[in-house]
Amino acid sequence: MPEFTLGEIASAIGAELSGCPETVVNGIQSLQDAGPGQLSFLSSGLYRQYLRGTRAAAVILTAEFRAECPVPTLVVASPYLAYARLSQRFSTAPVATIGIHPTAVVAPTASIAASASVGAHCVVADGAVIGERSVLYPGVSVGAGSRIGSDACLHAHVVIYHGVTLGDRVTVHGNAVIGADGFGFAGSPQGWVKIAQNGGVRIGSDVEIGACTTIDRGALGDTVIGDGVIIDNQVQIAHNVRIGRGTAIAGCTAIAGSTHIGERCTIAGAVGITGHLQIADGVHITAMSLISKSISEAGSYSSGTAMGPTRDWRKNAVRFLQLDSLFRRVGELEKKSGPDHNN
Amino acid sequence: MPEFTLGEIASAIGAELSGCPETVVNGIQSLQDAGPGQLSFLSSGLYRQYLRGTRAAAVILTAEFRAECPVPTLVVASPYLAYARLSQRFSTAPVATIGIHPTAVVAPTASIAASASVGAHCVVADGAVIGERSVLYPGVSVGAGSRIGSDACLHAHVVIYHGVTLGDRVTVHGNAVIGADGFGFAGSPQGWVKIAQNGGVRIGSDVEIGACTTIDRGALGDTVIGDGVIIDNQVQIAHNVRIGRGTAIAGCTAIAGSTHIGERCTIAGAVGITGHLQIADGVHITAMSLISKSISEAGSYSSGTAMGPTRDWRKNAVRFLQLDSLFRRVGELEKKSGPDHNN
Amino acid sequence: MPEFTLGEIASAIGAELSGCPETVVNGIQSLQDAGPGQLSFLSSGLYRQYLRGTRAAAVILTAEFRAECPVPTLVVASPYLAYARLSQRFSTAPVATIGIHPTAVVAPTASIAASASVGAHCVVADGAVIGERSVLYPGVSVGAGSRIGSDACLHAHVVIYHGVTLGDRVTVHGNAVIGADGFGFAGSPQGWVKIAQNGGVRIGSDVEIGACTTIDRGALGDTVIGDGVIIDNQVQIAHNVRIGRGTAIAGCTAIAGSTHIGERCTIAGAVGITGHLQIADGVHITAMSLISKSISEAGSYSSGTAMGPTRDWRKNAVRFLQLDSLFRRVGELEKKSGPDHNN
């Protein structure tokens, strides 16, 4: 359990502390769950109701809520960002052992930095490069000629095919697959003819990739993920997609081939984006929307219907297929009702 | 091939047998496909048409259909449940070898029950515990301090991170990932700041988890899956989600962070549930619905539209974006048409 | 880098060459990106704008565009198909080493063809068969009694359960899982009772299966994938599904149990198909549609709404739940407006 004084915490996040700087804390928790010795934070008015009853050792909050807090306070402009920055100090993750595990299979032509950790049963193929302080958890497979930068963290059973490059400080979670073949086939009278996917994948620095996410290699040229992109679990990114820097993609979203997505976009969960589109910078897409046309202006976009009880929904869903005819019926009524209606 | 007499079968499922109790059966099949020596069952009136022609050695059914059955019958209240209970006796799954395979890498501080099976190339990290009779198929990775109860079955290449606990009789299918980081980041002018995911995952007993399903660890506190929950393939369960006991979740459903789902819910395939919601006990959600608000009453809920030929659908789908204006047009017509309309 | 003369290329794809047959090429690229020494192709009028400025050594195109091409031409009927056929000659994939890696664990009763390649940390269980020239990348697990035909390519960490058969020339991408249990449970007062999934999976020849795709074993009888079927990443195929020959399924599509899909269908990405349906041959389904009824005629089918800015969309989405009442209001107006309206 790491321990810090409130004085150290205040200095780490640039907070104004009211309370004893020598008080020691050893964890961070929600307002409801924090006990003595633990920090907490108030990041939104929604949780204000829990402030008065908190048993935390101290609370990170904005000046607005300081007077209501029954325990010592750490005042900052953005409590959520301060929490994010502190959270790493209380990490519960195990520390990897430097060096190559005796059961790992490393090609003689691969290059592993002396400060890297290559876990049990990893396989690093010909010409692959693993950078300084990078950690490969058990069972990671790195294909021929692929290059992993420094300070990477590849969790258990990640599969990196050949010809993939990752920048620095990239985290990839368990069972993600980077560099599998894009889904490219040409039709012929004898059936589908596979198009060899001869491009690679280029991933920038400071990227996070979730568990069971798949990022395919390009057909011609590379699939490209920009710096600072964050990608959740079970996301599918097809061949020759390009994602601009700082874009965030939530779980189960699927992006079809050759679509280019701008910078600083936020794409919610289970979204579908069809192929060969251009999405501008600063676009936000709400959960489970289908994006089937290019978007040239920043802003928020959606598709789908509202939810309701199935019995009501079923009546309305069937009506959906008669919608165009309803518009024509209303037009007819308007014609009959005379020229003064306001549409 | 295991063999049982009809007498043994009748006694195992509490059935009333009409037929010779010494007849031997060695398998169970559908009414159409069952051959001599095989049991079958009629679980729904839909399959009644196949009853007269069946070649099964005996059929499990309700009393209602006994008279129509040309072969010996086993009468029970619920033939489908009886079939479920018998199906395990005719399992085709291979039996695991007790003990630790010489290629497995087990930390000296890990504890493996003597009756457990740890397959080839498995990795069990520091302080992990594997309970009695639990089976780890090849390539399973169990992180530091994680605890697997008794009678678990972890199929090939399952990844369990650190700080995860599984109860007893839990089955996890191939390439599922339990305990990867939740998708938590705070925005900053310099880009996304990762929030360390310092909670764990707690999974109850009698739980089934499908292939390539991902269950993330909590940010603060744990992600919790209750007893008797069944989860299909490629389901995504985000950090700090809680699933109540006995709930069933079909394939490709995605549940966003901090949502709490009640007990005995049934969630169909490819459903999306947004974050921070409360879903009551006994809620049913139909396939591919987006649930974006809390649900406080049991019942069935849906979203989406009916399907149709693409040409018709396209006309209606475009009309969807003019729906609000149509409502205003109709309101205008109603105003003009006088006070006696019934809305 | 493989090298070919334009004469060899012309002969390989049956093209009419205008240009020197001795010119050597060593790659294939898009019209914009091709440099000297590289082939290119014009597969659609959409890219015609790039033809005049290309620096390619030669361009594969139809006779229609020959006059506009500034460099040597290879005229064929289908440039895209010609590109597909040539792409394999310029493959960048590493070549596997024949033989069994010393870290692989192969059961004494398994049978591995002499020309096959079994990579590091692979596990091949009792009675499994690996055909001629088939390649198992590192960490592949093949269950008891499963049979892999000839010329297969199983990428890293593919999991094949017991009782699965693959035909010849099947490619399976990283972390795909074939043969996990179908999601079959019977309800009981004591909770869900698991139905043993005693069938297997039968996959034809010339099949491609994407990364993290899951194909479950049958409950009774097998799940069946026909010859020439191509399946993208993260597709979920439930127990006892049957897919007809030549059908293509794009990423993240989910097909529920016992549904039968015809031949030569094309199913776009993120589609959901509910269980126990019959889908005819030659059906096309557009992206993210939910198919909840059987389809008996070839043609294109869809569901969902158009996308729009979230602010507009929200107004319309809410209106969706009042659609049936709107139809009744319009009917009322039509009644009042007299007998002459045209609906």
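Over chain C, with a Gaussian network built from C-alpha contacts below 10 Å, which listed residue (C:Gln38, C:Gln278, C:Gln197) shows the highest mean-square fluctuation?
Result: C:Gln38 has the largest fluctuation of those listed.
In segment B:1-105, what percent of the accessible surface is made up of carbon and sulfur (1.4 Å probe, ligands and nucleic acids excluded)? Kindly include the intermediate steps, with their values, before the conclusion.
On the way: 2820 of 5330 Å².
C and S atoms contribute 53 percent here.
Using the heavy atoms of the protein chains and a 1.4 angstrom probe, tell me the accessible area per residue for segment B:164-299 in square angstrom. Display every interim value, and only then the final one.
On the way: 3680 Å² over 136 residues.
Heavy-atom SASA per residue in segment B:164-299 reads 27 Å².
Could you pull out every residue, at least 5 positions away or on a different chain, whose amide H is within less than 5 Å of the one on A:His284? Hs are placed 1.01 Å off N in the peptide plane, and Pro or chain starts have none.
Residues meeting the amide H criterion: A:Thr266, A:Gly299, A:Ser300, A:Tyr301.
Apply the Karplus parameterisation 6.51 cos²θ - 1.76 cosθ + 1.60, with θ equal to phi minus 60°, to every residue of segment B:201-215 and state each ³J(HN,Hα) to the nearest whole Hz, in sequence, with x for glycine and proline.
Whole-Hz 3J(HN,Hα) from phi for segment B:201-215: 10, 10, 10, x, 9, 6, 10, 10, 10, x, 5, 6, 7, 10, 10.
Just to be sure I understand the interface: list residues from segment A:240-261 that lose 40 Å² or more of accessible area between the chain on its own and the complete protein assembly, 1.4 Å probe.
A:Cys252
So what is the relative contact order for segment A:133-221, in percent, with contacts set as C-alpha pairs under 8 Å and at least six apart?
Relative contact order here is 27 percent.
Using a label point 7 Å beyond Cα on the Cα-Cβ vector, give me the inter-copy distances for C:Arg66 in nanometres, one decimal, shortest first.
8.3, 8.3
Rounded to the nearest percent, how much of the accessible area of segment A:140-238 (1.4 Å probe, protein heavy atoms only) is carbon and sulfur?
It is 50 percent, rounded to a whole number.
If contacts are Cα pairs under 8 angstrom and at least 6 residues apart, what is the relative contact order of chain B in percent?
On the way: 942 pairs, mean separation 21.3, N = 343.
Computed over chain B, the figure is 6 percent.
Shape of segment B:11-88 from its Cα gyration tensor (a ≥ b ≥ c, root eigenvalues): rounded if a/c is under 1.5, otherwise prolate when a/b > b/c, or oblate?
rounded
Mind grabbing the interface size between B and C? I mean buried accessible area, both sides, 1.4 Å probe, in Å² to the nearest hundred.
Using a 1.4 Å probe on protein heavy atoms, the buried area is about 6000 Å².
Suppose each label sits 7 Å from its Cα in the direction of the beta carbon; what would the C:Glu8-C:His284 distance come out to in nanometres?
Placing both labels 7 Å beyond Cα along the Cβ direction yields 3.8 nm.
Considering amide H positions built from the backbone, and no H for Pro or chain starts, which residues 5 or more places from A:Ser117, or on another chain, come under 5 Å of its amide H?
Residues meeting the amide H criterion: A:Gly99, A:Ser134, A:Val135, A:Leu136.
Counting only the backbone N, which residues of segment C:29-46 are under 14 Å from the spot 7 Å out from the Cα of C:Glu68 toward its beta-carbon?
C:31-32, C:41-46
Quick one: net charge around A:Cys252, please, counting Lys, Arg +1 and Asp, Glu -1 for every other residue with C-beta under 15 Å from its C-beta.
-4
Which value, in debye to the nearest 20, describes the size of the charge dipole of segment A:129-220 about its Cα centre when Lys and Arg Cβ atoms bear +1, Asp and Glu Cβ atoms bear -1, and nothing else is charged?
Using only the charged Cβ atoms, the result is roughly 220 debye.
How charged is the neighbourhood of B:Phe41? Take every other residue with its Cβ under 15 Å from the Cβ of B:Phe41, and add Lys/Arg as +1 and Asp/Glu as -1.
+1
Out of B:Val164, A:Ala219, C:Thr274, whose Cα points farthest toward the positive end of the dipole of the protein assembly as shown (charges: +1 Lys, Arg; -1 Asp, Glu; placed on Cβ)?
After comparing all options, I get C:Thr274.
According to the square roots a ≥ b ≥ c of the eigenvalues of the Cα gyration tensor, what is the shape class of chain B, taking rounded for a/c under 1.5, prolate for a/b larger than b/c otherwise, and oblate for the remainder? Intermediate values should be presented prior to the final figure.
Numbers: a/c = 2.68, a/b = 1.11, b/c = 2.40.
Oblate, since a/c reaches 1.5 and b/c is not below a/b.
How are the alpha carbon pair distances in segment C:232-296 distributed across 10 Å bins from zero to the largest one, expressed in percent?
Once binned at 10 Å, the Cα pair distances of segment C:232-296 give 26, 67, 7.
Just to confirm the numbers: C:Gly331, label point 7 angstrom along the Cα-Cβ line, distances to the other copies in nm, shortest first?
Nearest first, the other copies' label points are 2.3, 2.3 nm away.
Provide the gained length on full extension for the span B:Arg328 to B:Gln88, in nm with one decimal, where the gain is 0.36 nm per separating residue minus the Cα-Cα distance.
Answer, rounded to one decimal: 80.4 nm.
Put a label point 7 Å from Cα along the Cβ direction on C:Thr97, then list its distances to the equivalent points in the other copies in nm, shortest first.
2.5, 2.5
Over segment C:195-308, calculate the relative contact order: mean separation of alpha carbon pairs under 8 Å at least 6 apart, over the residue count, as a percent.
16 percent
Give me the net charge for the shell around B:Gly14: Cβ to Cβ below 13 angstrom, other residues only, Lys and Arg +1, Asp and Glu -1.
Cβ neighbours under 13 Å give a net charge of -1.
Evaluate the charge dipole of segment C:187-257 about its Cα centre and quote only its size in Debye, nearest 20, assuming +1 on the Cβ of each Lys and Arg and -1 on the Cβ of each Asp and Glu.
280 debye
Rg (Å, one decimal) plus Dmax (Å, integer) for the alpha carbons of the protein assembly as shown?
Answer for the protein assembly as shown, Rg first and Dmax second: 29.9, 88 Å.
If you count only protein heavy atoms with a 1.4 Å probe, what accessible area per residue comes out for segment A:67-147, rounded to a whole Å²?
Heavy-atom accessible area per residue stands at 41 Å².
Rounded to whole Å and sorted largest first, list the principal axis extents of the Cα atoms in segment A:54-155.
Projected onto its principal axes, the Cα set of segment A:54-155 covers 64, 22, 19 Å.
Regarding segment C:261-343, what's the average projected area of the Cα-atom convex hull, expressed in nm²?
Working: hull surface 33.3 nm².
Value for segment C:261-343: 8.3 nm².
Each residue of segment B:280-291 in turn: what ³J(HN,Hα) in whole Hz from Karplus with 6.51, -1.76, 1.60 and θ = phi - 60°, glycine and Pro shown as x?
5, 5, x, 8, 10, 10, 7, 3, 6, 7, 9, 9
Need the full-extension length gain, A:Asp33 to A:Arg311, defined as separation in residues times 0.36 nm minus the C-alpha distance. One decimal, nm. Working shown, then result.
Numbers: separation 278, 0.36 × 278 = 100.08 nm, distance 4.02 nm.
Once the chain is fully extended between A:Asp33 and A:Arg311, it gains 96.1 nm.
I want to check the label-to-label distance for B:Glu297 and B:His276. Put each point 7 Å from Cα in the C-beta direction and report it in nm to one decimal.
Going from the B:Glu297 label point to the B:His276 one covers 2.6 nm.
Report, by chain and number, residues whose modeled amide H sits under 5 Å from the one on B:Ile295, excluding near sequence neighbours (fewer than 5 apart, same chain).
Counting only residues 5 or more places away or on other chains, the set is B:Gln278, B:Ile279, B:Ala280.
Measuring from label point to label point, each 7 Å out along Cα→Cβ, what is the B:Thr97 to A:Ser188 span in nm?
Going by the 7 Å Cα→Cβ label model, 4.5 nm.
If you build the Cα gyration tensor of segment B:194-304 and take the root of 5 times each eigenvalue, what three semi-axes come out, in whole angstrom, biggest first?
With the √(5λ) rule applied to segment B:194-304, the semi-axes are 20, 15, 13 Å.
Where the centroid of each part is defined by its Cα atoms, how far is segment C:27-48 from segment C:78-103 in Å?
20 Å
Can you show me the helix-derived [θ] at 222 nm for chain C, built from DSSP H runs with n ≥ 4 at -39,500 (n - 2.57) apiece and divided by the number of residues, rounded to the nearest 500.
On the way: 4 runs with 42 residues, N = 343.
Taking each H run of at least 4 residues, the total per residue is -3500 deg cm²/dmol.
Label segment C:115-271 by shape, choosing from rounded, prolate and oblate, from the square roots a ≥ b ≥ c of the eigenvalues of the Cα gyration tensor; if a/c is under 1.5 it is rounded, and otherwise prolate applies when a/b is larger than b/c, oblate when it is not. Spell out each step's value before the answer.
Details: a/c = 1.83, a/b = 1.25, b/c = 1.47.
Cα axes put segment C:115-271 in the oblate bin.
The values are calculated or read from the model by the stated rules, or taken from the named source; none is laboratory data. None of these values were measured; they are calculated from a predicted model. Here the Cβ is made from the backbone with ideal geometry for all residues, glycine too, and neighbour counts use every protein chain on show. When the accessible area is computed, the model is the full protein with side chains, heavy atoms only, and any ligands, DNA or RNA have been set aside. Shrake-Rupley method; radii C 1.70, N 1.55, O 1.52, S 1.80 Å.
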